[in-house]
1. Along the Cα-to-Cβ line of ASP58, 7 Å from the Cα, sits a label point; which residues in segment 112-127 have backbone N less than 19 Å from it?
2. Extension gain SER92-ASP67, at 0.36 nm per residue separation less the Cα-Cα distance, in nm?
3. Apply the Karplus curve 6.51 cos²θ - 1.76 cosθ + 1.60, θ = phi - 60°, to the phi angles in segment 87-98 and return the couplings in whole Hz, x for Gly and Pro.
4. Counting only protein heavy atoms and a 1.4 Å probe, tell me what percentage of segment 8-160's accessible area is made up of carbon and sulfur.
5. Could you report the chain's accessible area per residue, 1.4 Å probe, as an integer in Å²?
6. Of (1) 45, 38, 25; (2) 56, 39, 31; (3) 53, 34, 33, which is the value of Cα extents along the principal axes in Å derived from the coordinates here?
7. Roughly speaking, what is the centre-to-centre gap between segment 75-117 and segment 1-73 when only Cα atoms are used, to the nearest Å?
Amino acid sequence: MPTVGHPSALSPQLPTIELAVPDSWVVEPGGDALFRAVHGRGGDLAPRLTAYVHTSRDATPNELVEDLVVEAEAHDEGEADPTFVVDLDGRSWTGLNVSWIEDGEPVYLVHLLTSVDAGEVTQLVRITGRIAGPDSERDYDEVQDAMETARVSPAGGAGA
């Protein structure tokens with residue numbers, strides 16, 4: 001009978017993921033995310049940052065991008081911008097901006113995705129910034145600044 005467990009070849013330890021957030025932000029339990037940081041003013045429209053790891057034998061950032069685009073387009077006035085590539089701390093990230101209308105307010109999500117080799121599988125790290133409401137322009141800049149500090153190290157401390 002096969003045995004499953006964690007960590008294992010198909011469920012490796014998670015990479016280290018770090019962001020520097022402004023002093024006005026609060027770090028909260030992640031829930032379904034690995035971590036969550038929210039602007040200290042709170043409320044549904046407060047900007048937030050989350051991180052996730054998607055583990056697969058052969059997934060690529062492009063496949064995850066396709067899923068994120070479909071998810072965004074399912075919302076009222078949902079749309080996605082073309083992807084872009086950014087280098088952060090020597091690591092290449094695929095970026096995707098999506099938006100939609102929710103309860104009469106614009107919602108913007110900024111996704112950054114990068115691949116981490118984990119032996120038999122690939123771990124796709126996704127950092128997502130969510131911005132909504134009347135302060136979106138100012139909040140977008142603050143979220144972007146924090147996302148630009150993203151650092152990822154494979155489990156065991158191997159190089160980026």
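1. Correct set: 115-124.
2. Numbers: separation 25, 0.36 × 25 = 9.00 nm, distance 1.99 nm.
Difference between extended and current length: 7.0 nm.
3. Karplus values, whole Hz, x for Gly and Pro: 9, 10, 6, x, 10, 7, 10, 9, x, 8, 9, 10.
4. On the way: 3650 of 7930 Å².
Carbon plus sulfur share of accessible area: 46 percent.
5. For the chain, the solvent-accessible area averages 55 Å² per residue.
6. The value computed from this structure is option (3).
7. That distance is 13 Å.
The values are calculated or read from the model by the stated rules, or taken from the named source; none is laboratory data. Everything numeric here is computed off the predicted structure, so don't read it as measured data. Glycine also receives a Cβ, built like all others from the backbone with ideal geometry; neighbour counts cover every protein chain displayed. Heavy atoms of the whole protein, side chains included, go into the accessibility calculation; ligands, DNA and RNA do not. Shrake-Rupley method; radii C 1.70, N 1.55, O 1.52, S 1.80 Å.
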